[in-house]
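These notes concern the structure reproduced below.
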Amino acid sequence: MEARKVWTKTWKLPIKAKLKHIIWKLYKGWISANSVLIRRGLNVEETCRRCGEGGESVHHKLFACDFAGLVWEMSPVKWDGLQHLTNQFSDWWDALMKIEKGEEVQARVELSVYILWQIWKARNVWLYEGKKLEPMEVVQRAMKEWGEFKQVQDHKKNTIGVERRSEGQQVEKHLIKDSVGSIVLQK
Ligand SMILES: [Zn+2]
């Protein structure tokens, strides 16, 4: 699929803007799993510190690692038949964006993004805080973050409706600011 089309579709997803940017960076290969370590001047290890196997690739961190595998397995999201595409993130994401959109598919795509993000965050929590999150915790965090964002969106929609009638009052005060983990992925 044409990159521009994919981007348009990605941008239209009702997910946090920050996550759209992350997806795009992954899509373009601008994020490598060890970029943070390199920037910090640390030696990059050959093996994954979470499972002791595999390399430092994005593919390993997000899909192939035992830990990531368990998260995906426990999540309510299934992308049967697309596993072989995860080797190249852009191939996998292309395939997702190509699937005919229904409400259910869109929800799965949205949740998938939050899962990716939480897998990534869990890895950083493990690396920098030494705290090992359970796969189920990661699934729960993803579902919670997704649900909360949805709720804010709905609330915003409703609030805007009410405000248009009553005029005045700022919508912004209802927005939840996400302050966790955003630093880690900054370029
Ligand atoms: Zn691993």
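Read-outs throughout are calculated quantities, based only on the coordinates presented, and are distinct from any laboratory measurement. Treat the numbers as computed from the prediction; the structure is a model and nothing was measured. Positions of Cβ are generated from backbone atoms using ideal geometry, with glycine treated the same way; all protein chains shown enter the neighbour counts.
Using a cut-off of 18 Å between Cα atoms, the listed pairs K5/K101; K25/K121; K20/K121; K61/K150; K9/K101 include K61/K150 as exceeding that distance.
Computing FRET efficiency as 1/(1 + (r/R0)^6) for K157 and C51, where r is the C-beta to C-beta distance and R0 is 35 Å, gives about 0.25. Modelled label-to-label distance, K98 and E2, 7 Å Cα→beta-carbon offset: nm? Calculated label separation equals 1.6 nm.
Quick one: length gained pulling E129 to K18 fully straight, 0.36 nm per residue minus the C-alpha distance? Mind showing how you got there, number by number?
Numbers: separation 111, 0.36 × 111 = 39.96 nm, distance 2.28 nm.
Result for the pair: 37.7 nm of gain on full extension.
Legend: ranking of residues H60, H84, H155 from fewest to most surrounding C-beta atoms inside 10 Å; resulting order H84, H155, H60. Each label was represented as a point 7 Å from its Cα along the Cα-to-Cβ direction; for D66 and K144 these points are 2.6 nm apart. Annotation: the residues D154, D94, sorted from fewest to most other C-beta atoms within 10 Å of their own C-beta, follow the order D154, D94. The residues neighbouring M97, those whose beta-carbon lies less than 14 Å from its own, together hold a net charge of +3 under the Lys/Arg +1, Asp/Glu -1 convention.
Assuming 0.36 nm per residue, please report the length gained on full extension of the stretch N87 to M136 beyond their Cα-Cα distance.
Residue separation times 0.36 nm, minus the Cα-Cα distance, leaves 15.3 nm.
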